Each structure stands twice: as C-alpha cells, then as structure tokens.
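Quick notes on the structure that follows.
The values are calculated or read from the model by the stated rules, or taken from the named source; none is laboratory data. Note that this is a predicted model, so its numbers are computed, not measured. Quick reminder, even Gly has a Cβ in these numbers, built from the backbone with ideal geometry, and neighbours come from all protein chains shown.
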Amino acid sequence: MAKRGLLYLSVTLLVSAFAYSWYMASPTAGGSTDAANGWLPAALWVALAIVLLAAVGWLRRARNRVADMAAFCREAGRENPSGKALPVQRRDDLGALEESLNDLALTLTGRLQDVTGEREKLQSILSCMMEGVIVLDTNGKVILVNQMAQTMFKLPPDTSVLGMSTVEVSRHPEMHALIREVVGSDTRDALHRELTLGDDRWFAVNAAGLEDSRQKLLGYVLVFHEVTELKRLERIRADFVANVSHEMRTPLTAIQGYAETLLHNPPRDAGMERQFLNIVARHSERLGRLIDDLLALSDLELGNVNMRMQEVGARPLLDRVLDLFSDQADKKRIRLRAEVAADAPDILGDEDRLQQLLINLVDNALKYTPENGDVLVTACRPPATNGEPPAGVALTVSDTGCGIPEKDLPRLTERFYRVDKARSRELGGTGLGLAIVKHIVHAHGGDLKIDSEIGRGTRVSIYLRCAAGADSTPTQDAPEKTEVA
C-alpha cells in the first residue's frame, strides 16, 4: 500500500508541477514575486524527480520478485523439484503472494510424493505377481505391462512395449479374438476365457473394463494366469484313470469269464478245469500286483512312506536280490551276475526300498532278455566329473535284451508307459515298475539314468549317497563277483 501511495503522490506532484508552470507562464498570472517564480517550480521538479526515481526502483524490485516467483513456479512444476522455499522479502502484497506460493508448493510436493509412492507400490505389486497383467486403452494400445507378462509374451524388458498394439504383443489368432471380444463388449462385466497361445501353453484370462471415479471408460485390464501345469496334470489324471481301467479290465474280464464258465458250464475234463483255474489264478495274481504297485506308487508320490535311512552294504543287498530271481534266470538260461567293486562304500538308504528298486529293475531285465542272454548288476563308485573325486555309489543293471528306441527313453518312467504294450502285458508287466523306481531314487536324493541301444540291450544306472565315513579313497582291487547261472 505504501508503494501505491508513493505512486499516487508522484502523479499528483507531476500534475501540480505542470499546472503551476502553465499558470506562471500565463500572462494573466499575478500576485507572485520573481523569487517565487524561480525557486518554487524548481522545487516541484526536484521533488517530482525524486519520487519518479523511487517509483522506478520499486517497480524494478517488484519485477525481480515477480520473476523469482515465476521461476519458483516452474521449478515446483518439475518431476523432481529442488524443494527450496521462495524467500519472502517484504511483508507487502507481493510478500503475501510469496507466502501463498510457498504453501502451494509444499502441498503440491506432498501430493507428488504420495502419487510417486502409490505408483512405486503399484509397480512393486505388479512385479511380484505370478500372473501377467496387460492394460490397454480404448484403442487397444498397451499402456501398462508387468514383468510376468513381458516374460510370457517374450516382450522387451523396457518401456518400449508401451504404445504397442496387440498385434505386436502376440500374433496368435486366439489372442486377437479375445481382444476383439473385450474391446467390442458393450457391458462392463468381466470376461473369463481359457486359451492356448502355442507351444502347448494354456492360460486362464480374466478381462474387465477400467473406469475412473465418474465411470468413464479408460481402457481394459487383462490378467493372464498360466495353467499349463494344471492342464498337464488333468491330462495325466485322465490318462491314469483310462490306463488303470484298461489294465484292470483285462484280468477282471478273464476272471469273470472263466469263473462263469466253471459255474454254469463246467468242463467234464479235469485237465481242462485245472487249466481254467490256473488262468483265473494267473489273472488274479496280475490284478494283485497291479493293485500293490498302485498303492506303493501312491504312497511314494504322497510322501506317506517312512524312509528308515541306515547303512546298507552293497554286497548283501545284491545277493538277496539275485537269490530271488535265480529260478527265473535258470528257466530262461540267462546268466545273472553281480559285481561289487572292492572300493564300493556302503549305501545310505532304506534297505527295503532299495531292494524293491533293484527287484523292479532286475525283473524288467529278465523279462526283456532272450534265452542265453546276460544280466549284470554292479555296485561301484561313479566316475569322476570335472576333475572332482568320485562320491557316492553307482548301482547299475545291464542286460543284452532287445533295447529301447531313443525317442521312448524320456517317457519310460511315466506311469503305464510301455514301448511294446502287447508284449509287456503278455509278460505280466503293470507299467508301473520304472515309475516306482524313479520315486524311490528321488526319495533317496539320488539320480536315475537310462541308456539303451536297439538290439544290444539296456543299462539303468542309479546314483545314491554313501553312508557317513564310507567315502574313503578308492583302491584298485579287483571287484568281487557273484554269478547265478
């Protein structure tokens, strides 16, 4: 207000000086002396000059303060403001404006920090999600995508994906059909779909409209949850039910047929009757083996088996297994042998489960090895790897059978998988032996490896941990041999 009064005073003096000068210059002016005519106009002009200089100085300072306020506003509007306050130079009208700008900048900085914090929380949540999230605008352009979605669709891990169209995100027709359905939907209700995007990958997709507080449509949110593993398990379950039904139907049909024959039309020949009963007994035994294997496999998969880990000697373990198959090997004229290296340490494991493991492997080897063939069971240290000394124990079962095609090797440990289905059922196999072996090996923390060559035989290697204190330095003594011929 003081500056405004100074401006009014300068204007008044200026007007008075001009009026007085005009009056004194007028020929009709009277009543004034020569002295008054000299010093009074001069005094008025000096006063006017002083007032004008003060006004110019005040206007210059005011302009500088206004420029400082403009620069302060520009700084406060940046993404990362410096946070410096605008100095209040004087308690006048401009000073009140400077204080107001400081308060406004403080409020704006707080709100920007809140928005930045919310954005960082949103980014953290999206990056930690196991689902892929893609947000589209109303034109179908990408405006937000999280890391999981970038991985799912093999998108670049930077912001260059923003602004892409759905054609650039995925070229799969099912994806484009989903986007068209979402964008073209008149309702704001969520859509739930399942689609496959190639490579045998399945996704459950939830899509919904994105609205603001005034219910204006801003875009669309798509959430992708990969259900490939679930689909695989469903397929395995369906195959398992079908395989179990098929495996059980064959012996049950045989048992039912021969039992009905014996009940309603018993053969008069005692030899024929005995043959029927032998068939019923054989199929009953096969059905029992199938049920036992299913129960054993179920317990292993569910972890319901209590593993009694102890030191197990390789030599006694192999001898017990070979004794069980001595008669079967004699009938087929197969040379069944066991070799235990002198430096083979004791095994850390469950003796009963290890015996079950070897029984399944030796039984398979004898079934698929022709007469006059060889089946060799060995126990030794595994070969050194990467220059490291060998550790643990390697159990191998080798045969000279028909061999297995290379394309079938990865699936041998699947339940009910057979290379030659007809021959396997004819030999009495349930198709669960190698699946049980795999789970026993994994329960012991070991590894399983299968090598085979058509016409030359198969070799199954099991790598297990050795008992504590049994991992001594290998020696070069000859291995002990046991042969069942």
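Going by the conditions given, is N360 within 16 Å of D399 (Cα to Cα), out of contact with any strand residue (DSSP E or B) (no Cβ under 8 Å at 6 or more places or on another chain) and of a type outside the set (F, W, Y)? Judged against the criteria, N360 is a match. Being in contact with an Asp or Glu (Cβ under 9 Å, 6 or more places away or on another chain), more than 23 Å from S452 (Cβ to Cβ) and either crowded, with 17+ Cβ neighbours inside 10 Å or not hydroxyl-bearing (S, T, Y) (or both) is not true of V375. Restricting attention to the range 80-133, the residues being outside any helix (DSSP H, G or I), closer than 27 Å to D68 by Cα and either touching a Cys at 6+ places or on another chain (Cβ under 6 Å) or not hydroxyl-bearing (S, T, Y) (or both) number 12. Only residues that are more than 22 Å from L218 (Cβ to Cβ) and either buried (at least 18 other Cβ atoms within 10 Å of the Cβ) or aliphatic (A, V, I, L, M) (or both) were counted across the range 117-147, and they come to 1. Of the numbered criteria (1) surrounded by fewer than 17 Cβ atoms within 10 Å (Cβ to Cβ); (2) under 30 Å from A443 (Cα atoms), the one L290 fails is (1). Only one of the numbered conditions (1) acidic (D, E); (2) within 30 Å of M307 (Cα to Cα); (3) modelled with pLDDT of 85 or more is violated by E226, and that is (2). Answer yes if at least one residue in the range 168-178 is farther than 18 Å from D199 by Cβ, touching a helix residue (DSSP H, G or I) at 6+ places or on another chain (Cβ under 8 Å) and assigned by TED's automatic domain parsing to the domain that holds L218, and no otherwise. Among the residues of the range 168-178, not one is farther than 18 Å from D199 by Cβ, touching a helix residue (DSSP H, G or I) at 6+ places or on another chain (Cβ under 8 Å) and assigned by TED's automatic domain parsing to the domain that holds L218, which makes the answer no. So, R232, is that one surrounded by 11 or more Cβ atoms within 10 Å (Cβ to Cβ) and part of a helix (DSSP H, G or I) or not? In short, yes. Of all residues in the range 255-277, those satisfying the criterion of being outside any helix (DSSP H, G or I) and surrounded by 10 or more Cβ atoms within 10 Å (Cβ to Cβ) are P266, P267.
Scanning the range 140-179 for residues that are charged (D, E, K, R), assigned to a helix (DSSP H, G or I) and modelled with pLDDT of 80 or more yields one hit, E174. Listed conditions (1) more than 25 Å from L366 (Cα to Cα); (2) outside any loop (DSSP other than H, G, I, E, B); (3) without any contact (Cβ under 8 Å) to a residue 12 or more places away in the chain are all met by E301, apart from (3).
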